[in-house]
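First the structure, in the form of structure tokens, and then the observations on it.
The values are calculated or read from the model by the stated rules, or taken from the named source; none is laboratory data. Note that the structure is a prediction, hence the values are computed from the model and not measured. Cβ sites come from the backbone with ideal geometry, for glycine too, and all protein chains shown count toward neighbours. Areas reflect the complete protein model, heavy atoms only, side chains present, ligands, DNA and RNA absent. Shrake-Rupley method; radii C 1.70, N 1.55, O 1.52, S 1.80 Å.
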Amino acid sequence: VGVQITSDVPLEMALAASLGHIESNLDTSLKRSGRRGGEGPYQFSDVDYLRAKNSVDAVSINVDVWQRLADELRLKVVPNLTDGVLRIADVGAGVLSMLEMMAVGGDGKPSLFGMIQQQRSDGPRPALRQIHYTAYESNLNLIRGCKDTLERLGFNEVAEFVLGGKLEEIIFRGQVKASGDESSGPPVSVTVHLRTKDFAKDDSKRFIPPNLVVGCCFADLFDPHELAQSLLSFTTLCKQGGGIVNDSAATLVYFPITFTGTTQFHPAQPFENDSLCEERITPSDTRGFDLYSRSLSENLGHNLDENRIIEAMQGHGGSLLCRGKADWHIDPTKNDYLWQTMLYFFGTCGASEIMTNQWDSQRWVQRAKETRPSIQVSNSDLLFRLGGQTNTEQQVEGGRENMGIAQRPRSDRRTVEEIEFQAPRQVGKVTTTWDTAYDAHLGPNDVEVESVCSLISSGTELKIFNGSFDEAQLDVNIKGMEDAQMAYPLAYGYSLVGQVTRCGSAVPDADELIGRLVFTFSPHSSHVIVDKDAVQLVPRGISAEDAIFMPSVETALSLVHDAHVRVGENVAVYGQGLIGLLVTGLLSLSTSAQSLLSAHFGTITAFDTISDRLAASSKMGASQALLPMEVIKTGPFDVSIEVSGNARALQSAIDNTSSGGRIIVGSWYGNADVNLKLGIDFHRSHKTIKTSQVSEIPAELTALWSKERRFQLTWELVKALRPSRLITKSASLDEAQEAYEDLAKGKEIAVAFRYGDEQ
């Protein structure tokens, strides 16, 4: 197919059309700012895409982060405005969807402007007189769309500035009021400055740094450190350009809908052979989107790791206040234009990368058009405070903490908060007080640890939460748990990281130990006392948030060791909860799955029923992440690892493992009865079923491996995997009941408790 390259049909679009990745009947007279209008073949339009995207954004924006933003503005920013003017900069305005969201709300979320005007229960209504909203949009094709949004909101154009024949700025004025609720106060005057330039190039001499910077679908488009530096320069421009000093030294930075690197079809399709040409293979959707993400990163320079944004912002003096999941769910029937646009993006950006890697890219796109699956895109909402106060929320890493714990005031009383399992499906926070005078609460070889964070075990702890266990010793191999019984009431947990604050009289090198970040197999508690020999120093370069995953990574490592996967063997992992995801991650590090361009050898197939887990599985390196019903298309497997806790998954693992293959059972079924069908086919299959449990080194490995050596490797793997990216919820101990319920329902993948300033 011949396609002419024009200003409206650039090279990548023409190539995609020629290769059949997108429709070839391109209308070269179409302007990218135009609207598709009417029915007929799909045509891309900037404005139509943004309009379609914005409706999904409104649904996806995380309500907890939205509320935290409103609270920060209402309680901390607006009361300190000396002139009563709130200044907001929208650094990726598009067609002003964030202004509309702030003014009138969307999809059940209240207006931000209305929320910040609500009267405080302990004081007067915030004295907000005006809002100055500066919107930066350098794409002139979108100006008409911006005007449409402002007209719909009742704004009037009052001025237009043209310099050298080029439009520089348009000013609009209007009023906003969220609702008729009297608590939200009277309407507020809003002035919108629509500037046709990049925010980083704004050199206005009378520039006043904003109280809030917002960038929707924005932060992932840049190198994180360049973005953080640009924001820092932008918010302190008054010092460089002679502007006016801001009322507040700190600026809030809000990045909703930040892409975190994973796209998936639901339901996803496996690898597929061409019936006419065996060498022509359609990639699994998981593999296809892995290559799409690679193209975004390597060819377009996008950043697909939200943790890099967080680290960069913290490195430039910022504090992470709140983050939350904000995934897109694009239904082809409800969101048809956005769905077609996403396929257009896959065709122009992803399919070429797929073809380069010798897969059937045209068939991959065509299969999606035929099956019309929903599209799930992983996003995160991030809220920072940049500048101003000392950062007490920065990530703590292995080594000595800069805050100087040894220099903190010592008190003779210590209030300790701890989680207690009180009955089936009932947890609560209990508070005790330690008498710490003269360190009398410490034994000679004890250390006191002030907690930073701890991780809920999604296996054993949930069994205890649900009451699905028999009374027994907690763990015969963890120091401190040998004599404790698994019976209510019970304090339980084994993944806690904190800093040493005090040492017993016989602890050697106590001065060197105080302030160090350590890991301990302890329950969830604000402070713990443990034997010096029961703590592990967190290696330098590993954050506290990563370190709490050490036992989970060791469990996954134990499973992979027991599976003994050989090069080229195909592995299935049943269950993509936390342990299953870590198993998938370790397999992707240690096998040929990523290097072999094959659908027949070295594949890692992950099964789960929850789409969020399948998305995370893609991120952890699965070759294909599928619903269980797809197993008939993908098996049999050489090795199956079952970590689902579901007897049906165990049966499927047995049934879909090749004769002579290996089934590794990592699930603990507690006191539940498990019925399996082990008939004549199983009897003749020479399959091996092996249980795997992390507490001890298996007998056949003791000549080479000890617990100490496995711990050392586990820390190296924690550093390589960076498992904190799997945390989907952070909570305080006061929120424990909800946290365990959400984890038990499968709403969350990994839940961490944070303590003190980390809450």
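Can you pull out every residue in the range 256-306 that is under 17 Å from Trp364 (Cα atoms) and of a type in the set (Asp, Glu)? Those that are under 17 Å from Trp364 (Cα atoms) and of a type in the set (Asp, Glu): Glu272, Asp274, Glu278, Glu279, Asp285, Asp290. Looking only at the range 545-568, how many residues end up being at pLDDT 95 or above, small (Gly, Ala, Ser) and either surrounded by fewer than 20 Cβ atoms within 10 Å (Cβ to Cβ) or in contact with a helix residue (DSSP H, G or I) (Cβ under 8 Å, 6 or more places away or on another chain) (or both)? Result for the range 545-568: 4.
Yes/no matrix, rows are residues, columns are (1) surrounded by 12 or more Cβ atoms within 10 Å (Cβ to Cβ); (2) modelled with pLDDT under 95; (3) assigned to a strand (DSSP E or B); (4) of a type in the set (A, V, I, L, M, F, W, C):
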{"position": "Asp148", "(1), (2), (3), (4)": "yes, no, no, no"}
{"position": "Gly174", "(1), (2), (3), (4)": "yes, no, yes, no"}
{"position": "Leu194", "(1), (2), (3), (4)": "yes, no, yes, yes"}
{"position": "Val213", "(1), (2), (3), (4)": "yes, no, yes, yes"}
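Residues that are more than 22 Å from Lys690 (Cβ to Cβ), surrounded by fewer than 24 Cβ atoms within 10 Å (Cβ to Cβ), touching a residue at least 60 places away in the same chain (Cβ under 8 Å) and not charged (D, E, K, R) are absent from the range 637-647 altogether. Search the range 290-320 for residues being hydrophobic (A, V, I, L, M, F, W, C), over 17 Å from the mean Cα position of the chain (by Cα) and open to solvent by 10 Å² or more (accessible area, probe 1.4 Å), and hand back the single one that is modelled with the lowest pLDDT. Ranking the candidates gives Leu300 first. Take the residues in the range 656-685 that are of a type in the set (A, V, I, L, M, F, W, C), free of Cβ contacts under 8 Å to residues at least 40 places away in the same chain and in a strand (DSSP E or B); name whichever of them is nearest to Ile464 (Cα to Cα). Among residues in the range 656-685 that are of a type in the set (A, V, I, L, M, F, W, C), free of Cβ contacts under 8 Å to residues at least 40 places away in the same chain and in a strand (DSSP E or B), the one nearest to Ile464 (Cα to Cα) is Val665. Got at least one residue in the range 701-713 being touching a residue at least 24 places away in the same chain (Cβ under 8 Å), open to solvent by less than 50 Å² (accessible area, probe 1.4 Å), of a type in the set (Lys, Arg) and more than 24 Å from Ser611 (Cα to Cα)? Within the range 701-713, one or more residues are touching a residue at least 24 places away in the same chain (Cβ under 8 Å), open to solvent by less than 50 Å² (accessible area, probe 1.4 Å), of a type in the set (Lys, Arg) and more than 24 Å from Ser611 (Cα to Cα). Considering only the range 420-429, I want to know if a residue exists there that is closer than 30 Å to Gly670 by Cβ, surrounded by 20 or more Cβ atoms within 10 Å (Cβ to Cβ) and at pLDDT 85 or above. Yes, there is a match, as at least one residue in the range 420-429 is closer than 30 Å to Gly670 by Cβ, surrounded by 20 or more Cβ atoms within 10 Å (Cβ to Cβ) and at pLDDT 85 or above.
Of the set (1) within 26 Å of Ile542 (Cβ to Cβ); (2) open to solvent by less than 10 Å² (accessible area, probe 1.4 Å), all apply to Ala351 but (1). Scanning the range 66-94 for residues that are of a type outside the set (Lys, Arg) and without any contact (Cβ under 8 Å) to a residue 60 or more places away in the chain yields Gln67, Ala70, Asp71, Leu75, Val78, Pro79, Gly84, Val85. When Glu168, Glu182, Glu226 are checked against the criterion of being at pLDDT 95 or above and either among the charged types (D, E, K, R) or open to solvent by 40 Å² or more (accessible area, probe 1.4 Å) (or both), Glu226 stands alone in meeting it. Mind telling me which of the residues Arg722, Arg710 ends up being within 32 Å of the chain's Cα centre (by Cα) and at positive phi? Testing whether each residue is within 32 Å of the chain's Cα centre (by Cα) and at positive phi leaves just Arg722. The single condition from (1) under 30 Å from Asn62 (Cα atoms); (2) at pLDDT 90 or above; (3) open to solvent by 90 Å² or more (accessible area, probe 1.4 Å); (4) touching a strand residue (DSSP E or B) at 6+ places or on another chain (Cβ under 9 Å) that Gln759 fails is (2).
Annotation: of all residues in the range 458-473 being open to solvent by less than 10 Å² (accessible area, probe 1.4 Å) and touching a residue at least 60 places away in the same chain (Cβ under 8 Å), the one that is nearest to Ile514 (Cα to Cα) is Glu461.
Comparison of Gly515, Gly498, Gly541 shows that the only residue that is in contact with a strand residue (DSSP E or B) (Cβ under 8 Å, 6 or more places away or on another chain), crowded, with 23+ Cβ neighbours inside 10 Å and not polar (S, T, N, Q) is Gly498. Counting only residues that are in contact (Cβ under 8 Å) with a residue 40 or more places away in the chain and outside any loop (DSSP other than H, G, I, E, B), the range 320-341 holds 13 of them. Summed over the range 672-694, residues that are under 19 Å from His564 (Cβ atoms) and not hydrophobic (A, V, I, L, M, F, W, C) total 8. Which one of Ala699, Ala744 is among the small types (Gly, Ala, Ser) and out of contact with any helix residue (DSSP H, G or I) (no Cβ under 6 Å at 6 or more places or on another chain)? Unique residue meeting the criteria: Ala699.
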